[in-house]
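Taking it in order: structure first as structure tokens, then the write-up.
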Ligand code: MN3
């Protein structure tokens, strides 16, 4: 079973000005494609991994060769990331249930955004920042290094991701250079709250 690159669910320039078209094109067509290609090559060279789904590989990442862990994570994280965003006009708002949960667990939407920004700017080097639903049903913010994610057996804080932002420089450097905090601020304009709310509902239902 070969893994394949999912198309962007919108045009490369659809997230302007928060994320520029050139960044989106290189990020999707080059970086994500490279994770997919490297993952396929690594799985081909490890017959014991044949037939495992992306979700299965991610769940047991800590038992796998680093090349599989890193590229399965890269493929999962980026597939999730494209769906986490939408053009400004379609970005919407958190559902009623998600808004209640954010206010319960962070105080307010603004306080949540501030805590998410702090986790993103605090991630040293490359990685991701996430909003997850924990086993107790509570929302939490967590950050992972490299291409790890909260579904992995190796994650310090585990949970079901419902929103995530890419803290690798390749995600923002062309437009924002060293200003990761500005990227995090601008990114809220293109968060697909409909998708995030649907993920929250699914995760809450599965508890
Ligand atoms: Mn990336």
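The values are calculated or read from the model by the stated rules, or taken from the named source; none is laboratory data. Source: prediction; values computed, not measured. Virtual Cβ from ideal backbone geometry, glycine too; neighbours counted across all protein chains shown.
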Lone unmet requirement of (1) touching a residue at least 24 places away in the same chain (Cβ under 8 Å); (2) under 27 Å from residue 55 (Cα atoms); (3) in contact with a helix residue (DSSP H, G or I) (Cβ under 8 Å, 6 or more places away or on another chain) for residue 142:
(1)
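Residue-wise test of (1) in a helix (DSSP H, G or I); (2) more than 18 Å from the chain's Cα centre (by Cα).
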{"residue": "56", "(1), (2)": "yes, no"}
{"residue": "73", "(1), (2)": "yes, no"}
{"residue": "78", "(1), (2)": "yes, no"}
{"residue": "89", "(1), (2)": "yes, yes"}
{"residue": "93", "(1), (2)": "no, yes"}
{"residue": "104", "(1), (2)": "yes, yes"}
{"residue": "111", "(1), (2)": "yes, yes"}
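With the requirement that a residue be in a helix (DSSP H, G or I) and either crowded, with 19+ Cβ neighbours inside 10 Å or touching a residue at least 24 places away in the same chain (Cβ under 8 Å) (or both), what does the range 62-71 give you?
Residues of the range 62-71 in a helix (DSSP H, G or I): 62-63, 66-71.
Across the range 62-71, the qualifying residues are 62, 63, 67, 68, 69, 70, 71.
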Within the range 16-49, count every residue that is over 16 Å from the mean Cα position of the chain (by Cα) and in a loop (DSSP other than H, G, I, E, B).
6
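Quick check, is residue 118 in a helix (DSSP H, G or I), closer than 22 Å to residue 55 by Cβ, more than 16 Å from the ligand (Cβ to nearest atom) and not assigned by TED's automatic domain parsing to the domain that holds residue 80? So that I can check it myself, show each step before the final result.
Working: in a helix (DSSP H, G or I): yes; closer than 22 Å to residue 55 by Cβ: no; more than 16 Å from the ligand (Cβ to nearest atom): yes; not assigned by TED's automatic domain parsing to the domain that holds residue 80: yes.
Against the criterion (in a helix (DSSP H, G or I), closer than 22 Å to residue 55 by Cβ, more than 16 Å from the ligand (Cβ to nearest atom) and not assigned by TED's automatic domain parsing to the domain that holds residue 80), residue 118 does not qualify.
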